[in-house]
1. For the stretch 203-242, what are the residues that are touching a residue at least 60 places away in the same chain (Cβ under 8 Å) and open to solvent by less than 30 Å² (accessible area, probe 1.4 Å)?
2. So which residues in the stretch 27-42 are part of a strand (DSSP E or B) and surrounded by fewer than 19 Cβ atoms within 10 Å (Cβ to Cβ), if there are any at all?
3. Which residues, counting only those in the stretch 1-23, are touching a Pro at 6+ places or on another chain (Cβ under 8 Å) and not small (Gly, Ala, Ser)?
4. Is it fair to say Ala193 is part of a loop (DSSP other than H, G, I, E, B), free of Cβ contacts under 8 Å to residues at least 60 places away in the same chain and either open to solvent by less than 40 Å² (accessible area, probe 1.4 Å) or farther than 15 Å from Phe93 by Cβ (or both)?
5. Are there any helices (runs of 4 or more DSSP H) wholly within the stretch 68-174 with 2 or more residues that are touching a residue at least 60 places away in the same chain (Cβ under 8 Å) and open to solvent by 10 Å² or more (accessible area, probe 1.4 Å), and if so which?
6. Of (1) open to solvent by 20 Å² or more (accessible area, probe 1.4 Å); (2) farther than 24 Å from Asp165 by Cα; (3) assigned to a strand (DSSP E or B), Tyr64 satisfies all except one. Which?
7. Residues that are open to solvent by 50 Å² or more (accessible area, probe 1.4 Å), at pLDDT 95 or above, in a helix (DSSP H, G or I) and touching a Lys or Arg at 6+ places or on another chain (Cβ under 9 Å): does the stretch 17-26 have at least one?
8. On the given criteria, is Val7 in a strand (DSSP E or B) and among the β-branched types (Val, Ile, Thr)?
Amino acid sequence: MSAPLHVHVPPELRFFLPARRRAEEAVCPYDGTSSLGHVVAALGIPPTEVGRLRVEGRSVPGAYRPPGGARVEVEAVARPQPLPPSAPAPPRFVLDVHLGALARRMRLVGVDTAYRNDAADPELVTEANAELRILLTQDRGLLRRRALWLGAYVRGSAPDDQLTDVLTRFDVPLDPWTRCPVCNGTLEPVAKAEVQGRIPPGTRRTYDTFTRCTACARVYWPGAHHARLASRVRAARAAAGRERTPHDPPESVAGRGGAGAGDVLDAAYGDAAG
């Protein structure tokens with residue numbers, strides 16, 4: 001065995017470490033042959049959360065094998081995070097089964113967000129790689145999969161905090177009220193006459209502005225949850241430092257309706273607020 005490594009971990013990454021190692025500097029046994037990336041991963045920090053690595057003040061790659069007794073500095077990934085040249089612009093995402101509320105919030109602000117509540121881990125990795133989507137999860141093991149092209153650990157337990165975390169980490173433009181909260185399809189304006197047979201009489205009397213999902217054909221209008229959701233959009237934009245968009249008039253779509261379902265379907269975006 002070589003002399004142990006002295007690894008400095010920044011405060012924002014220490015929650016990944018076992019409680020006994022959450023001091024500013026972790027003393028790690030070292031076999032003299034493991035890469036620095038392996039050493040950091042063994043501490044419990046997913047590779048997706050690691051930025052630059054330094055040994056004795058010099059930047060090194062994760063494959064570097066440090067000398068015994070070296071002092072190592074681990075930096076958190078930069079915010080906003082630079083993406084690989086192959087990443088689509090704007091970035092798109094896929095979320096694991098435990099982040100359904102976050103998925104609805106991301107769709108509310110217009111972010112391309114794939115989500116299924118029955119997707120297995122291998123399916124998530126396959127979808128992320130095939131569609132170049134960033135996998136968002138709180139499963140550290142999932143982020144350690146070597147096959148995964150890009151992922152991120154979502155910080156926070158409350159969905160609103162999670163949304164703030166994602167929007168401050170990734171430079172993604174916001175385009176509220178343009179995505180279906182149910183299927184992630186895009187919404188397009190539709191004439192009232194085209195959908196009046198699918199909406200309740202009270203809605204026909206009260207509203208004139210409607211949109212329809214191009215994927216699942218659900219119909220949306222400003223509903224009972226609009227004020228609360230508009231507040232959530234403003235908070236998301238403030239957290240991300242984004243400006244208003246053309247889709248932010250007072251009549252922006254915030255509820256949904258469908259044949260025979262009446263105002264129950266208006267709860268789709270309301271569920272995103274829950």
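1. Listed by number, the residues that qualify are Thr203, Leu229, Val233, Ala236, Arg237, Ala240.
2. Within the stretch 27-42, Val27, Cys28, Pro29 qualify.
3. Met1, Pro4, Leu5, Phe16 - these are the residues of the stretch 1-23 that are touching a Pro at 6+ places or on another chain (Cβ under 8 Å) and not small (Gly, Ala, Ser).
4. It is false that Ala193 is part of a loop (DSSP other than H, G, I, E, B), free of Cβ contacts under 8 Å to residues at least 60 places away in the same chain and either open to solvent by less than 40 Å² (accessible area, probe 1.4 Å) or farther than 15 Å from Phe93 by Cβ (or both).
5. Correct list: 100-108, 159-169.
6. The one condition Tyr64 does not meet is (3).
7. Looking through the stretch 17-26, none of the residues is open to solvent by 50 Å² or more (accessible area, probe 1.4 Å), at pLDDT 95 or above, in a helix (DSSP H, G or I) and touching a Lys or Arg at 6+ places or on another chain (Cβ under 9 Å).
8. On the way: in a strand (DSSP E or B): yes; among the β-branched types (Val, Ile, Thr): yes.
For Val7, the condition - in a strand (DSSP E or B) and among the β-branched types (Val, Ile, Thr) - is met.
The values are calculated or read from the model by the stated rules, or taken from the named source; none is laboratory data. None of these values were measured; they are calculated from a predicted model. Quick reminder, even Gly has a Cβ in these numbers, built from the backbone with ideal geometry, and neighbours come from all protein chains shown. Areas reflect the complete protein model, heavy atoms only, side chains present, ligands, DNA and RNA absent. Shrake-Rupley method; radii C 1.70, N 1.55, O 1.52, S 1.80 Å.
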